[in-house]
Amino acid sequence: MIDFRNYKDLMESLKDEKVCREHMEEMRWGCNPICPYCGAAKPYRIRNGKAFRCKDKTCKRDFTVTIGTVFENSKIPLSTWIAATFVLTAHKKCISSHQLARDLGITQKSAWFLLHRLRYIADEEAPETLDKIVEVEKPISAAHSLI
């Protein structure tokens, strides 16, 4: 699991693409990968550990941790995706694709693609309601900040 408190810690943690992939697998499946096609719980790794193949005799399909996510079918490394997500959510207001490109050292076209996909999932309605303890910080009004 990647542990970070700020952008510098995040970038130090994301040096290796393998670490990012392991982090995504931990976030998505925990210790047990599950086939997104048939739901079988015992796939095995193939292709240098990046992909999985389902053991179910009727399925036997290949998949990666990015299947069914905004990261799917993207040539952009997972480290860049995770960093872009952090930068986008760390800003109080919007960030332009030009600024994101400068921050991450990628082209503006790639930054636009990242932002387009990340904003798409941010606009989606939550598929399920929150049922556990939820903590929300109350914003300080302008009148209180003057006191």
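The values are calculated or read from the model by the stated rules, or taken from the named source; none is laboratory data. Bear in mind that the values here come from a model prediction, so they are computed numbers and not experimental data. Please note: Cβ atoms are built from the backbone with ideal geometry, for glycine as well, and neighbour counts cover all protein chains shown. These accessible areas exclude ligands, DNA and RNA; they are computed on the full protein's heavy atoms, side chains included. Shrake-Rupley method; radii C 1.70, N 1.55, O 1.52, S 1.80 Å.
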Open item on the list: If DNA, RNA and ligands are ignored and the probe is 1.4 Å, what is the ranking of ILE133, ILE76, ILE34, ILE95 by accessible area, most exposed first?
Closed with: ILE133, ILE34, ILE76, ILE95
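With the Cα gyration tensor of the range 1-64 giving a ≥ b ≥ c as the square roots of its eigenvalues, does the rule (a/c under 1.5 for rounded; else a/b larger than b/c for prolate; else oblate) give rounded, prolate or oblate?
On the way: a/c = 4.15, a/b = 2.47, b/c = 1.68.
Prolate, because a/c is 1.5 or more and a/b exceeds b/c.
Enter the mean projected area of the convex hull around the alpha-carbon atoms of the chain, in nm², rounded to one decimal. Show your work: numbers first, answer last.
On the way: hull surface 48.9 nm².
Its average projected convex-hull area is 12.2 nm².
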Task: Charge dipole (debye, nearest 20) of the chain; +1 at Cβ of Lys and Arg, -1 at Cβ of Asp and Glu - done: 680
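Counting other Cβ atoms within 10 Å of each Cβ, which trypsin sites (Lys or Arg not before Pro) in the range 62-107 have at most 11 and sit in a DSSP loop?
For trypsin sites (Lys or Arg not before Pro) across the range 62-107 that sit outside H, G, I, E and B with at most 11 neighbouring Cβ atoms in 10 Å, the list reads LYS75, LYS92, LYS93.
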Task: Accessible heavy-atom area order of TRP81, TRP29, TRP112, highest first, probe of 1.4 Å - done: TRP112, TRP29, TRP81
TODO: State, to one decimal in nm, how far the label point of ASN48 lies from the label point of ASP16, with both points 7 Å from Cα in the Cβ direction.
DONE: 1.4
- [ ] Per residue of the range 12-23, in order, report the coupling 6.51 cos²θ - 1.76 cosθ + 1.60 (Karplus, θ = phi - 60°) as ³J(HN,Hα) in whole Hz, putting x for Gly and Pro.
- [x] 5, 6, 9, 5, 10, 5, 5, 5, 5, 5, 5, 5
Task: Accessible surface of the chain [probe 1.4 Å, protein heavy atoms]: carbon and sulfur percent - done: 53
Task: Rounded Å value of the spacing that divides the Cα centres of the range 87-113 and the range 8-78 - done: 25
- [ ] Return the sequence-ordered ³J(HN,Hα) values of the range 34-49 in whole Hz as given by the Karplus equation 6.51 cos²θ - 1.76 cosθ + 1.60 applied to θ = phi - 60°, using x for Gly and Pro.
- [x] 10, 5, x, 8, 10, x, 5, 9, 10, x, 10, 6, 9, 6, 6, x
